[in-house]
Amino acid sequence: MAPRVLVSDKLSETAVQIFRDRGVDVDFMPDLGKDKDKLLEVIGDYDGLAIRSATKVTEKLINAATKLKVIGRAGIGVDNVDIPAASRRGIIVMNTPFGNSITTAEHAIAMIFAVARQIPEADNSTRAGKWEKSKFMGVEITGKTLGLIGCGNIGSIVAARAVGLKMHVVAFDPFLSAERAVELGIEKVELDELFARADFITLHTPLTDKTRNIINAEAIAKMKDGVRIINCARGGLIVEEDLVEGLRSGKVAGAGIDVFEVEPATKNELFHMPNVVCTPHLGASTSEAQENVALQVAEQMSDYLIKGAVTNAINMPSITAEEAPRLRPFVKLAEVLGAFVGQVTESAIKEVEILYDGSTAEMNGKALTSAALAGLIRPQVADVNMVSAPVMVKERGIVVSEIKRDKTGVFDGYIKLTVKTANQTRSVAGTVFSDGKPRFIQIKGINLDAEIGQHMVYTTNNDAPGIIGILGTTFGKHGVNIANFQLGRNRPGGDAIALLYVDERVSEEVLDQVRAFPEILSAKPLVFDV
Ligand SMILES: NC(=O)C1=CN([C@@H]2O[C@H](COP(=O)(O)OP(=O)(O)OC[C@H]3O[C@@H](n4cnc5c(N)ncnc54)[C@H](O)[C@@H]3O)[C@@H](O)[C@H]2O)C=CC1
Ligand SMILES: O=C(O)CCC(=O)C(=O)O
């Protein structure tokens with residue numbers, strides 16, 4: 001059955017066409033995002049949800065979205081999505097990080113001009129027939145210093161445009177490299193220096209615990225008299241009442257505000273201040289940007305729902321459409337290795353080490369590790385997947401490490417998973433054969449070559465004659481058909497294991513009969529999703 005996507009915000013209808021062309025059923029209900037109750041009622045029917053900023057994807061909505069696999073944000077900021085809740089439920093959250101950057105940067109530049117020349121107020125006054133030529137004395141921006149807070153995609157575009165406008169640009173961004181600053185022709189500075197030097201300040205960071213209220217009374221006090229502040233990033237970066245106070249005192253000469261603490265902003269003290277230019281979160285609102293983000297989000301979501309490709313996900317490593325088919329058997333292998341250890345380990349896991357040898361070291365390690373972790377904790381948390389597993393493993397305080405190395409053995413590549421509990425270290429290794437099927441190649445350091453089936457039995461025993469007989473006779477007596485039987489030992493008379501691929505789950509009663517033999521140390525039924 002074709003996957004079903006709901007578009008619950010005002011996306012360009014290009015998205016609808018792309019979903020349909022890619023074989024995804026789509027319901028286009030651009031106003032539904034604002035109707036929380038109705039959305040809650042219908043969300044359970046959908047595999048995908050495509051949104052802009054009006055739909056608030058809360059934990060409550062996520063919990064009602066029992067089939068949901070992917071949330072696609074046609075835009076950049078995902079602060080309207082409860083990402084931890086989505087991750088816990090294994091739902092991928094994607095955005096479109098570049099589609100509206102130019103448009104938003106242009107809005108910030110437009111705001112700089114509008115504030116510098118008081119264009120909206122002058123326009124109103126002129127239309128009112130007042131001809132107040134001397135009231136609207138502006139400032140030139142040529143030669144002025146622009147302080148950018150945040151110099152990522154949008155900040156960099158603003159920087160390039162501002163340099164073209166002959167402004168001097170300084171930027172505060174802890175992740176801006178010195179080389180990138182030189183490339184952009186700007187100066188990387190600390191925040192206080194930016195405050196002390198900038199004639200105009202524009203904000204281009206996400207809203208995080210570090211950036212929330214970054215422009216408050218204390219910051220404003222450090223700024224130049226007559227500074228002009230532009231925010232086209234997120235409400236919450238500026239303490240609005242402190243900005244109002246700065247404008248009242250004359251310390252701040254003007255502000256251009258596209259985003260507000262509370263949106264939709266229908267009442268706000270800033271609306272009553274002179275030389276404040278307000279727009280209703282229009283940063284991304286050009287036909288070009290909206291076409292870009294709609295097209296991109298529909299392509300990304302379809303690629304995931306149809307092909308398993310992951311692009312621009314916030315909570316999951318990327319998997320390209322090209323690598324998805326090649327990676328798939330190794331994802332299965334990683335999951336199966338995790339599932340083996342998860343099922344045989346009974347005490348709390350403290351550490352997990354995943355070794356990628358040979359060709360597997362060249363693969364998408366983040367995706368493989370996520371798959372291994374999903375297999376590992378599935379015996380405890382049934383509906384875990386590659387998205388939720390890393391979160392759940394972290395919540396449980398399990399330390400995960402990855403090692404990648406060149407080919408060392410006879411296989412082109414293999415994956416080895418080692419798990420430590422308080423009193424035991426356990427490892428299992430596997431590879432994918434040319435038939436595309438995963439195989440166990442080592443358990444407890446003992447080499448073997450075991451095909452993996454849905455139902456298996458794993459036994460440990462002291463190496464002694466008669467084990468095959470014990471298992472074969474007991475299972476045969478109870479009608480359990482053995483499809484494949486693998487034995488291994490570390491040395492003659494030493495530790496030995498047996499792995500049996502059986503047609504159906506072996507009951508505890510039958511296993512108890514096996515366990516009753518003194519040669520058998522343990523017998524465990526295993527289930528794999530293969
Ligand atoms: N008004 C609108 O309609 C739109 C608003 N936006 C918003 O614009 C903002 C920027 O978007 P992009 O440039 O695409 O994001 P980005 O992720 O490319 O860049 C953000 C930059 O902020 C920096 N940063 C993070 N924490 C910081 C801190 N504490 N101090 C200084 N810098 C810090 C990061 O290092 C990064 O370089 C986002 O909040 C986004 O939601 C984006 C599109 C449209
Ligand atoms: O979709 C919109 O109009 C808002 C865009 C935005 O804020 C973003 O992409 O972060």
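Observations
- Sorting Phe98, Phe172, Phe19 by the number of Cβ atoms found within 10 Å of their own Cβ, with the fewest placed first, yields Phe98, Phe172, Phe19.
- Mean-position separation - Cα centroids, region 100-176 and region 263-299, in angstrom: 16
- Here Lys251 is the anchor, and the aspartates and glutamates within straight C-alpha reach of less than 20 Å, apart from those fewer than 8 places off in the same chain, are Glu121, Glu140, Asp192, Glu193, Asp199, Glu218, Asp225, Glu240, Glu241, Asp242, Glu269.
- A dipole drawn for the chain from +1 and -1 charges on Cβ atoms has a positive end, and of Asn312, Ile154, Leu270 the residue lying farthest that way is Ile154.
- Each of Asp529, Asp242, Asp45 has some number of other Cβ atoms within 10 Å of its Cβ, and from fewest to most they run Asp529, Asp45, Asp242.
- Burial ordering of Ser285, Ser370, fewest other beta-carbon atoms within 10 Å first: Ser285, Ser370
- From most to least packed by mean Cβ count within 10 Å, the peptides 83-94, 501-512 give 83-94, 501-512.
- Candidate aspartates and glutamates - alpha carbon under 13 Å from Lys407, same-chain residues fewer than 8 apart omitted: Asp357, Glu362
- Set of lysines with alpha-carbon distance to Lys188 below 23 Å, sequence-local pairs under 8 removed: Lys144, Lys166, Lys210, Lys222, Lys224
- Residues in region 237-248 carry Karplus couplings, in order, of 6, 10, 7, 4, 5, 6, 5, 4, 4, x, 5, 4 Hz; the curve used is 6.51 cos²θ - 1.76 cosθ + 1.60 with θ = phi - 60°, and Gly or Pro positions show x.
- Relative contact order of the chain, pairs being alpha-carbon contacts under 8 Å that are 6 or more residues apart, as %: 11
- Once the chain from Val42 to Glu288 is taken as fully extended at 0.36 nm per residue, the excess over their C-alpha distance is 85.5 nm.
- Charge tally in the Cβ shell below 12 Å around Asn364, where Lys, Arg are +1 and Asp, Glu are -1, Asn364 excluded: 0
- Of every Cα-Cα pair in the chain, the percent that sits beyond 36 Å: 49
- Relative contact order, percent, region 453-530 [alpha-carbon distance under 8 Å, six or more residues apart]: 50
- Normalised by 2.2 N^0.38 Å, with N the number of residues, the alpha-carbon radius of gyration of region 354-399 equals 1.18.
- Antiparallel %, DSSP beta bridges [both residues in the chain], to 5: 50
- Over region 254-321, the pair-distance histogram of Cα-Cα distances with 10 Å bins from zero comes to 17, 29, 23, 20, 10, 1 percent, rounded to whole numbers.
- Translational diffusion coefficient (Stokes-Einstein; Kirkwood radius from C-alpha pairs) of region 101-278 at 20 °C, 1.002 mPa s, in µm²/s: 132
- Scalar couplings 3J(HN,Hα) for region 101-110, obtained by applying the Karplus form with A = 6.51, B = -1.76, C = 1.60 to θ = phi - 60°, are 5, 4, 4, 6, 4, 5, 5, 5, 5, 4 Hz; x denotes Gly and Pro.
- Computed packing ranks the peptides 358-368, 47-57 as 47-57, 358-368, most packed first, by mean other Cβ atoms within 10 Å.
- The distance linking region 205-229 with region 468-493 is 71 Å (Cα centroid to Cα centroid, whole angstrom).
Any read-out appearing in this document is the output of simple, stated calculations on the displayed coordinates, not a laboratory observation. Predicted model, so just to flag it, every value in this text is computed and none were measured. Ideal geometry is used to build each Cβ from the backbone, glycine not excepted, and the neighbour counts take in all protein chains shown.
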